[in-house]
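Only one structure is covered here, and it is reproduced in the block below.
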Amino acid sequence: MQRFFLAPVFTALLMAIIAFSTTPADAAASKRVKITGEVIDSWCYITEIMYPEGSAHHQCALWCTAGGVPVGILADDGQIYMVLKVGSDTTNVANQTIMKIQSHRVAVDGDLYERDGIKYLLVASVLLDEGIVKKTHDEYGIQPFGN
């Protein structure tokens, strides 16, 4: 009789161990943050193909965003936060909210996930949109095809 009692207990214990062991031990936990900085396209920023900030780069940044290049926020502290989502938007490619704030200085509220040195941001809301405040076109011209 004890054998029959131990089998269900052993099975339940084994199932619990399996369930907990399939959860990644290093899964990223989110932290609620407010970030202020400039919205950038990651390709031009990381490759330094052209001047990647402000009004000089705005048109190119729009093209990159429309083409699906990941967008980030270059925060005031120099950190880059990769934006994975804005609000309840369901698309990352040519996302209309991101297109509207590209190259703008913004303050956002969202959930931060960090893993392997990369900061990922799920933006819940844009708290402040100051527009393009880095007037770099006087020094660098309009990139890549402008006057």
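Residues that are at pLDDT 80 or above and charged (D, E, K, R) number at least 1 in the following helices (runs of 4 or more DSSP H) confined to region 7-122: 96-101. Selection of first residues in region 44-56 that are surrounded by fewer than 21 Cβ atoms within 10 Å (Cβ to Cβ) and of second residues that are modelled with pLDDT under 75 and assigned to a helix (DSSP H, G or I), restricted to Cβ pairs under 8 Å at least 6 apart or on distinct chains, gives the following pairs, ordered by first then second residue: TYR51/TYR140. Among the residues here, VAL93 does not qualify as in contact (Cβ under 8 Å) with a residue 40 or more places away in the chain and under 18 Å from THR65 (Cα atoms).
Yes/no per residue for (1) among the small types (Gly, Ala, Ser); (2) loosely packed, with under 14 Cβ neighbours inside 10 Å; (3) over 13 Å from ILE35 (Cα atoms):
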| position | (1), (2), (3) |
| --- | --- |
| LEU84 | no, no, yes |
| THR90 | no, yes, yes |
| ALA94 | yes, yes, yes |
| GLN102 | no, no, yes |
| ARG105 | no, no, no |
| LEU122 | no, no, no |
| VAL126 | no, no, no |
| LYS135 | no, yes, yes |
| ASP138 | no, yes, yes |
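The values are calculated or read from the model by the stated rules, or taken from the named source; none is laboratory data. Predicted, not measured: the structure shown is a model, and the values here were computed from it. Backbone-built Cβ (ideal geometry, glycine too); neighbour counts: all protein chains shown.
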